[in-house]
Structures are given as structure tokens and as C-alpha cells.
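Below: the structure, in C-alpha cells.
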Amino acid sequence: MQQESCRVLVLGGYGHFGARIVRALATTPGITVIAAGRNPAQAPANLPGVDLSRIELCWLDTADPAFADQLAATGAQLVIHTAGPFQGQGYDVALACLQAGMHYIDLADGREFVRDFALKVDAPARAAGRSAISGASTLPALSSAVVDALAPQFERLQGIDMVIAPAQATPLGMATVRAVLSYCGKPFDCWIDGRWQPVIGWADPQPVRFAQIAPRLAAACDVPDHDLLVQRYPGVLTVRFRAALELPFLSRCLAGIAWLRRCGLPLPM
């Protein structure tokens, strides 16, 4: 007897991260992949090496008034939401998935979005009997997993200082760029020395050293970890998250832009 295939819809399936997920799922037995987004015509270019006959292409726009009905019509059991940036997004997509009887996962790294996700989505998810997961990405999922793995080695966890050091050659989707630039020059609160203190996004980069790569300049980023790790580890005195770009020139340029925006210059990011 042939087992029924699980239908997985990747929202933003032609984008940077979405296309990677589609490629992986397309070769997984027992899964029917639906690559959904606003531009299905981009699929051949954004999914090189993928046999398009093995996936379904679907036009979906989260801003369309009929989105919930169109989503339900796909018959998906699981939706993976990769269509960022999540800074400033609401929870309409997650709620539409639950209303349609679908499980939901997103790759959000927007601080407010992930922090308030359970408050807005937990009750509807329980009522629907479905799972709803936010932040299944480099952060806060992997970053928090690293802290969880290392924490038992210490008698007391006083400070958490994380730095992500991406390679300059790593491709970046437009949504990722918009997300990381959204808080450039803007103040946000960090838990430092046992109290919330304001810091400025991408301002004042400081040198950091690594074990196997050259030293870099690292600057503050506004991410969900600032809230989630303070809640997860009561008693921790400091939680910091910074990004260390490979090119010092780029770090200094972002710091300069941050300074200009702090001074009130309305630079569009």
C-alpha cells in the first residue's frame, strides 16, 4: 500500500532561503513540495538543478485579501514561511495556516515578531491542534541551542556574548539585507550589567578575535536573543549579540551611516 505524500508549502520558495529549503525537500521521499510566492516565473532561475516537474509552483501574495482562501486551496499540511523581512510583519500568515488546519514554521529573526509570537499564536495553535514555531533560523534557534549546550559546563551563567561572523562571499537575499539594515542607527535595549540599556544598531564596532579566522570588527544587532535569553536564564547579567563582517571597510561604513541617522539625517535604508 502506497503511503500518502505529505504536502509542504514553502512561502517565499523562490527566495534565498526558501529556494534552499525547496531544493532539499524536493529530493526527500514522501514529500510533495509547493514553492509559493509572488513570482513563479523566477523559479527556473532561482532553483537551478531542481527538477521542476517534481515540485508544484504556486502564486501566493500574503498582502492579497484572498490569501487565506488561496492558501487553504493548496491542501498543504505544513507551511514554512521564509518571506521576510519579519521586522514589522504581523501574524496573519501564521493564523491563516492554523485556520486552514496547517502546521506552521517560520525563519523569523525580527525581535518583536519572535518575542511576541507565543502571545499571539499559542492559543489559536492549541485550539487548532497544530504546531506553530517561530525563529527556526540561525538565530534564535541555533544561537540558543549553542548556549543551551554550553551552559551546563558552568556553575553560574553571568554573561552571554555572541558574535556571528559571516563570509563576505555568502549570498544574501534582499529580505536579509533589509532586515539587518532596518535598525542601523536606531536605538534598542540590551540587557547589560543587570539592567536594560540602550545601544545603537551597527554603531561603534569593536575588534573581536576568533580561533580560526582573522580578527574582525563587531557591531550590535537587534535580535530576538536579547529578550529570549534573558527570560530563559534568570540571573544572567549581560546578553549581547553582534555581527562581525569580513570587510572592516563595510563595518566602518555602516557605523558611519548609523552615526548620520542618529544625528537625524533621514537616510533611506
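The values are calculated or read from the model by the stated rules, or taken from the named source; none is laboratory data. For clarity, every value in this text was computed on a predicted model and none was experimentally measured. In this analysis, Cβ positions are derived from the backbone assuming ideal geometry, glycine residues included, and neighbour counts consider all displayed protein chains. Just so you know, the surface numbers come from the protein's heavy atoms only, side chains and all, with ligands and any DNA or RNA stripped out. Shrake-Rupley method; radii C 1.70, N 1.55, O 1.52, S 1.80 Å.
Points worth noting:
- Some residue of the stretch 96-116 being among the hydroxyl-bearing types (S, T, Y) and open to solvent by 20 Å² or more (accessible area, probe 1.4 Å): no
Here is a yes/no grid of residues against (1) at pLDDT 95 or above; (2) of a type in the set (D, E, K, R); (3) farther than 15 Å from L139 by Cβ:
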position	(1), (2), (3)
T176	no, no, no
D189	yes, yes, yes
D193	yes, yes, yes
W196	yes, no, yes
I213	no, no, yes
A218	yes, no, no
D222	yes, yes, no
H226	yes, no, no
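- Scan of the stretch 172-218 for residues that are open to solvent by less than 30 Å² (accessible area, probe 1.4 Å), under 17 Å from I160 (Cα atoms) and under 22 Å from the mean Cα position of the chain (by Cα), ordered by number: C190, A218
Table: residues versus (1) among the small types (G, A, S); (2) within 18 Å of A108 (Cα to Cα).
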residue	(1), (2)
L11	no, yes
R20	no, yes
A43	yes, no
R54	no, no
D64	no, no
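- One residue from G101, G135 being within 18 Å of G18 (Cα to Cα), part of a loop (DSSP other than H, G, I, E, B) and not acidic (D, E): G135
- Check on A96, of a type outside the set (F, W, Y), over 17 Å from G15 (Cβ atoms), at pLDDT 95 or above and in contact with a helix residue (DSSP H, G or I) (Cβ under 7 Å, 6 or more places away or on another chain): yes
- Strands (runs of 3 or more DSSP E) completely within the stretch 1-80 that count 3 or more residues being under 22 Å from the mean Cα position of the chain (by Cα), in contact (Cβ under 8 Å) with a residue 12 or more places away in the chain and surrounded by 16 or more Cβ atoms within 10 Å (Cβ to Cβ): 6-11, 31-37
- The stretch 245-269, residues that are in a helix (DSSP H, G or I), touching a strand residue (DSSP E or B) at 6+ places or on another chain (Cβ under 8 Å) and closer than 17 Å to I200 by Cα: S251, R252, L254, A255, I257, A258, R261, R262
- Of the residues making up the stretch 234-251, those that are open to solvent by 10 Å² or more (accessible area, probe 1.4 Å) and under 18 Å from Q197 (Cα atoms) number 7.
- Restricted to the stretch 138-157, and to residues there that are outside any helix (DSSP H, G or I) and in contact (Cβ under 8 Å) with a residue 40 or more places away in the chain, the residue that is nearest to D222 (Cα to Cα) is L157.
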